[in-house]
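Written below as structure tokens is the structure these notes are about.
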Amino acid sequence: MIALFLRDLKLSIRAGGGAMIGVLFFMTVVAVIPFGVGPDLNLLARIGPAILWIGALLASLLGLDRLFQAEREDGSLDLMLMQETPLLVTVFVKCAAHWAATGLPLVIAAPLLGLFMNMDELAIGATMLTLLVGTPAITFIGAVGAAVAVSLPRGGLLVSILVLPLAIPVLIFGVSAVYAAIEDPAPFLPPLMILAAITLFFAVIGPVAAAAALRHASD
């Protein structure tokens with residue numbers, strides 16, 4: 001499993017630019033917002049957490065279609081289905097490697113982009129924490145979409161269409177937790193715990209559903 005994690009980590013970084021493409025797209029989404037809303041620093045600080053979360057969500061969708069594509073092309077997907085290790089465990093490890101290569105760099109880049117949006121230290125810290133808790137859920141949701149579209153020649157758009165509606169609760173509670181941390185009367189812990197529960201839920205359901213979709217695609 002460790003060898004599979006390291007292998008997929010290298011493939012995720014190399015394929016299509018990997019983490020760099022996601023971070024650059026994240027930066028592009030955030031950078032164009034001030035041109036649209038104007039130079040109002042208070043407004044930028046107020047909408048900053050939501051913009052960072054939207055940018056991270058969209059950037060997380062970029063490489064999801066390649067999650068099982070390499071195994072499909074070289075035939076190792078059939079070996080994954082026949083090996084002794086349960087397929088859902090293999091899918092979980094692949095999701096963890098994919099998040100480490102594409103999701104974690106977004107969390108690391110968030111403080112710099114938070115300064116660009118005139119956010120204070122508390123808002124930046126809360127955004128980083130919620131991204132760290134919530135972005136794995138997007139990967140696990142994306143694994144299901146990637147497994148459904150693995151047999152399609154150009155399934156990237158289909159994966160985004162399948163994943164985006166299911167990722168909306170992650171976005172809602174991620175942004176709500178950040179604003180709860182900024183606004184004193186609002187409790188921060190409840191939305192953060194709900195966000196963590198969503199991630200744990202999809203960490204269980206996602207690999208199971210993706211494994212079932214991969215078996216169906218192989219048939």
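The values are calculated or read from the model by the stated rules, or taken from the named source; none is laboratory data. Quick caveat: nothing in here was measured; it's all calculated off a predicted structure. Ideal geometry is used to build each Cβ from the backbone, glycine not excepted, and the neighbour counts take in all protein chains shown. For accessibility, only protein heavy atoms count, side chains too; no ligands or nucleic acids. Shrake-Rupley method; radii C 1.70, N 1.55, O 1.52, S 1.80 Å.
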Against the definition (modelled with pLDDT of 90 or more, open to solvent by 30 Å² or more (accessible area, probe 1.4 Å) and in contact with a helix residue (DSSP H, G or I) (Cβ under 7 Å, 6 or more places away or on another chain)), how does residue 81 come out, yes or no? no
Sole residue being closer than 28 Å to residue 158 by Cβ and open to solvent by less than 40 Å² (accessible area, probe 1.4 Å), chosen from 124, 138, 54: 138
Going through 152, 122, 129 one at a time, which residue ends up being closer than 21 Å to residue 172 by Cα and touching a Leu at 6+ places or on another chain (Cβ under 8 Å)? 129
All but one of (1) over 27 Å from residue 83 (Cβ atoms); (2) among the small types (Gly, Ala, Ser); (3) open to solvent by 50 Å² or more (accessible area, probe 1.4 Å) hold for residue 212; state the number of the condition that does not hold. (1)
With the structure loaded, tell me whether residue 176 is under 13 Å from the mean Cα position of the chain (by Cα), buried (at least 17 other Cβ atoms within 10 Å of the Cβ) and of a type in the set (Ser, Thr, Tyr) or whether it fails that test. no
One residue from 189, 87, 157, 162 being free of Cβ contacts under 8 Å to residues at least 40 places away in the same chain, of a type outside the set (Ser, Thr, Tyr), buried (at least 17 other Cβ atoms within 10 Å of the Cβ) and more than 16 Å from residue 52 (Cβ to Cβ): 162
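For every residue, the table says whether it meets (1) modelled with pLDDT under 90; (2) touching a Cys at 6+ places or on another chain (Cβ under 9 Å); (3) not aliphatic (A, V, I, L, M).
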position: 107; (1), (2), (3): no, no, no
position: 122; (1), (2), (3): no, no, no
position: 128; (1), (2), (3): no, no, no
position: 140; (1), (2), (3): no, yes, yes
position: 146; (1), (2), (3): yes, no, no
position: 149; (1), (2), (3): yes, no, no
position: 157; (1), (2), (3): yes, no, no
position: 171; (1), (2), (3): no, no, no
position: 187; (1), (2), (3): yes, no, yes
Taking segment 119-166 and the residues there that are aliphatic (A, V, I, L, M) and not in a helix (DSSP H, G or I), the one that is farthest from residue 66 (Cα to Cα) would be 119
Among the residues of segment 2-14, are any closer than 28 Å to residue 116 by Cα, modelled with pLDDT under 70 and not in a helix (DSSP H, G or I)? no
Of the conditions (1) free of Cβ contacts under 8 Å to residues at least 24 places away in the same chain; (2) within 18 Å of residue 80 (Cβ to Cβ), the single one that residue 148 does not satisfy is (1)
